[in-house]
């Protein structure tokens, strides 16, 4: 009887080990050693990061389009008496296949113009990074309900995704309609200041 119980216990433990998921593979940002926000690629974008197409979104008036994604994953749930806290990671990735540049623009434009447009597109990538940091900041300072933390985290993410869309539109409106070098410089300073502030808040 004892041996049967022991055998059953061994089988149960084996089943737990077999079904246990592998730990997540966390990409660590060199400037963010805790891995709370990972960024791919962790550098400025080049035209090699864009897909060359005859027309961007079927329009000859668009030079380039930069698209990134931000996935949010729960890495750890810390349980307290009346709430839980979450350790989350924001995974920001530039999407090479979805980001496009018009072939004739690359072929016909001067190096200076191409550099100006590429600099602007990098701004959209920085906006995605800002959103990732803001999500992590809000999540790590929030007391979540034990039974509803996933929905509450989704609400935080959706709020920041709406802000992402609004910021992208405002950035284009103020810097490219028409092209405005002064406004671009203002946004550049905002990107630098905001990211520095968020990094210090997320990783005090």
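Each reported figure results from applying straightforward, stated rules to the coordinates on display, with no laboratory input. Being a predicted model, the structure only gives us computed values, none of them experimental. Positions of Cβ are generated from backbone atoms using ideal geometry, with glycine treated the same way; all protein chains shown enter the neighbour counts.
For the range 29-202, just list the percent of Cα-Cα distances falling in each 5 Å bin from zero outward, please.
For the range 29-202, the binned pair fractions read 1, 8, 16, 18, 18, 14, 10, 7, 4, 3, 1, 0, 0 percent.
Between residue 189 and residue 48, what is the label-point separation in nm under the 7 Å Cα-to-beta-carbon projection?
3.4 nm
Just grab the label-to-label distance for residue 161 and residue 201, each label 7 Å out from Cα along the Cβ direction, in nm (one decimal).
2.1 nm
What is the gain in length, in nm to one decimal, between residue 170 and residue 79 on full extension, counting 0.36 nm per residue of separation less the C-alpha to C-alpha distance? Please list the in-between numbers first.
On the way: separation 91, 0.36 × 91 = 32.76 nm, distance 3.99 nm.
Residue separation times 0.36 nm, minus the Cα-Cα distance, leaves 28.8 nm.
Measuring from centroid to centroid over Cα atoms, what is the spacing of the range 84-117 and the range 163-197 in Å?
Value for the Cα centre distance between the two parts: 15 Å.
What is the packing order of peptides 182-191, 71-80, 117-126, taking the mean over residues of other C-beta atoms within 10 Å and listing the highest first? Each step should come with its number before you reach the end.
Values: 182-191: 14.3, 71-80: 12.2, 117-126: 19.7.
Listed from highest to lowest mean packing, they are 117-126, 182-191, 71-80.
Starting from the Cα-Cα distance between residue 104 and residue 145, subtract it from 0.36 nm times their residue separation and give me the gain in nm to one decimal. Provide the component values of the computation, followed by the final result.
Details: separation 41, 0.36 × 41 = 14.76 nm, distance 5.36 nm.
Value of the extension gain: 9.4 nm.
Let me see the pair-distance distribution of the range 108-186: every alpha carbon pair, 5 Å bin width, integer percents in order.
3, 13, 20, 17, 13, 11, 8, 7, 5, 3, 1, 0
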